[in-house]
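One structure below.
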Number of protein chains: 2
Amino acid sequence: MNAKIRVLRFGHRKKRDIRVTSHCALVARAFGAEGIIIDGDNDGIAENTIKRVNERFGQGIEVRHAAWKKTLKDYKKKGWKIVHLTMYGEELGKSLGKIRKEKKIMIFVGAEKVPGEVYKLSDWNVSVTNQPHSEIAALAVFMHELLKGKELGKKFRKAKVRILPTARGKKVQRLEKQFQV
Amino acid sequence: MNAKIRVLRFGHRKKRDIRVTSHCALVARAFGAEGIIIDGDNDGIAENTIKRVNERFGQGIEVRHAAWKKTLKDYKKKGWKIVHLTMYGEELGKSLGKIRKEKKIMIFVGAEKVPGEVYKLSDWNVSVTNQPHSEIAALAVFMHELLKGKELGKKFRKAKVRILPTARGKKVQRLEKQFQV
């Protein structure tokens, strides 16, 4: 699957959501999205987190701020398909086959109250369990299923360090300069 | 798979971790763990969140507070196996087959700095990608893989409402009293 994936984080509130939005951005990066757009307060926190992580662990996601409604409509016009993750949505397995055929996928993750319009503008409303839990968890499990687990071994360009999986302790490989270009 | 699963959340800091720890507890509940033990500050926030959700959406997880080291050692003595989720650990796929054979599994999820002793006390150190992201996401993807997606349709006893999956909007079923007992 070679789809472009971007994430739209709805309704970020400074202070209250600092860590949750940063976690969303880090998951989007680690699982291979190429961008995250943050709607709501622009406090620069997620950008700083991602900038630090990109510099050290390799070039991943870009972070931008924009208003959700204009973003959704613009993306739809450009042929992107919108997947809204919500506990009210259809079972994950039901739409995955169709979504996997798309080439440009925007994943909408909400905060507590998502406007009704989002349910209508979205091509799919998808649930990861029908229980209340976490937009971070929903994003991760959805991307993991969408990408069939291939994201787990994703490599990042221009990394300064690479973690080598190990049964005990920590193995960190410092990469030579010639690989950083 | 009929294993008992509990989660140990390491190093909760009041204020800073309020929402992240609550998300961990909600994921643990939604994906079918029977308990979560919180190490660190005891601010009662996760308990309140889970109490509210259990009452409305059905009886799930129990929340307790305890110190991590004693908890790990006590559980190990009682035959529980410890799975520590860490970006430094072995690939997820490598140990899943073995872990799935166990009957009592404690999943250890950390904050930023986990003591070296945890790596030694754990039966498995497992990574969900070797990139920095989110303990909430790691917990969700690990449980999802461990339970082979069967957790997605989990039913909860004594629920007052049930969400019915739907393509558009929200369908909430109010359950009759005879089903609440």
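Let me confirm something: among A:ARG19, A:ARG13, A:ARG100, A:ARG6, which residue is within 21 Å of B:ARG19 (Cα to Cα), among the charged types (D, E, K, R) and in contact (Cβ under 8 Å) with a residue 60 or more places away in the chain?
Details: A:ARG19 fails: in contact (Cβ under 8 Å) with a residue 60 or more places away in the chain; A:ARG100 fails: within 21 Å of B:ARG19 (Cα to Cα); A:ARG6 fails: within 21 Å of B:ARG19 (Cα to Cα).
Within the list A:ARG19, A:ARG13, A:ARG100, A:ARG6, the selection yields A:ARG13.
Given the criterion within 19 Å of the chain's Cα centre (by Cα) and basic (Lys, Arg), identify the matching residue among A:LYS77, A:LYS69. Give the steps one after another, and end with the answer.
Working: A:LYS77 fails: within 19 Å of the chain's Cα centre (by Cα).
Sole residue among the options that is within 19 Å of the chain's Cα centre (by Cα) and basic (Lys, Arg): A:LYS69.
How about the stretch B:78-105: which of its residues are in a loop (DSSP other than H, G, I, E, B) and among the charged types (D, E, K, R)? Before the answer, list the steps.
First, pick out the residues of the stretch B:78-105 that are in a loop (DSSP other than H, G, I, E, B): B:78-80, B:100-103.
Listed by number, the residues that qualify are B:LYS78, B:ARG100, B:LYS101, B:GLU102, B:LYS103.
Out of all the residues in the stretch B:126-134, is one or more surrounded by fewer than 20 Cβ atoms within 10 Å (Cβ to Cβ), out of contact with any His (no Cβ under 8 Å at 6 or more places or on another chain) and either among the basic types (Lys, Arg) or more than 13 Å from chain A (Cβ to nearest Cβ) (or both)?
Start the filter on the stretch B:126-134 by keeping residues that are surrounded by fewer than 20 Cβ atoms within 10 Å (Cβ to Cβ), which leaves B:132.
Filter once more, keeping what is out of contact with any His (no Cβ under 8 Å at 6 or more places or on another chain): B:132.
This time we only want the ones that are either among the basic types (Lys, Arg) or more than 13 Å from chain A (Cβ to nearest Cβ) (or both), so: none.
Scanning the stretch B:126-134 turns up no residue that is surrounded by fewer than 20 Cβ atoms within 10 Å (Cβ to Cβ), out of contact with any His (no Cβ under 8 Å at 6 or more places or on another chain) and either among the basic types (Lys, Arg) or more than 13 Å from chain A (Cβ to nearest Cβ) (or both).
Identify all residues within the stretch B:106-131 that are in a loop (DSSP other than H, G, I, E, B) and among the small types (Gly, Ala, Ser); write none if there are none.
So the first thing to find is which residues in the stretch B:106-131 are in a loop (DSSP other than H, G, I, E, B), and the list is B:110-115, B:122-123, B:128-131.
Listed by number, the residues that qualify are B:GLY110, B:ALA111, B:SER122.
Report the residue count in the stretch B:47-72 for those that are under 23 Å from B:LEU152 (Cα atoms) and either in contact with a Cys (Cβ under 8 Å, 6 or more places away or on another chain) or not in a helix (DSSP H, G or I) (or both).
Total satisfying the criteria: 6.
Could you grab me the full set of residues in the stretch B:6-18 that are farther than 12 Å from B:GLY44 by Cα, in a strand (DSSP E or B) and either among the charged types (D, E, K, R) or over 8 Å from the mean Cα position of the chain (by Cα) (or both)?
B:ARG6, B:ARG9, B:PHE10, B:GLY11
I need every pair where a residue in the stretch A:58-72 that is within 30 Å of A:ARG174 (Cβ to Cβ) and charged (D, E, K, R) has its Cβ under 6 Å from the Cβ of a residue that is assigned to a loop (DSSP other than H, G, I, E, B) and at pLDDT 95 or above, sequence separation at least 6 or different chains.
Final answer for the pair search is none.
The values are calculated or read from the model by the stated rules, or taken from the named source; none is laboratory data. Please read these numbers as outputs of a predicted model, since none were measured by experiment. Please note: Cβ atoms are built from the backbone with ideal geometry, for glycine as well, and neighbour counts cover all protein chains shown.
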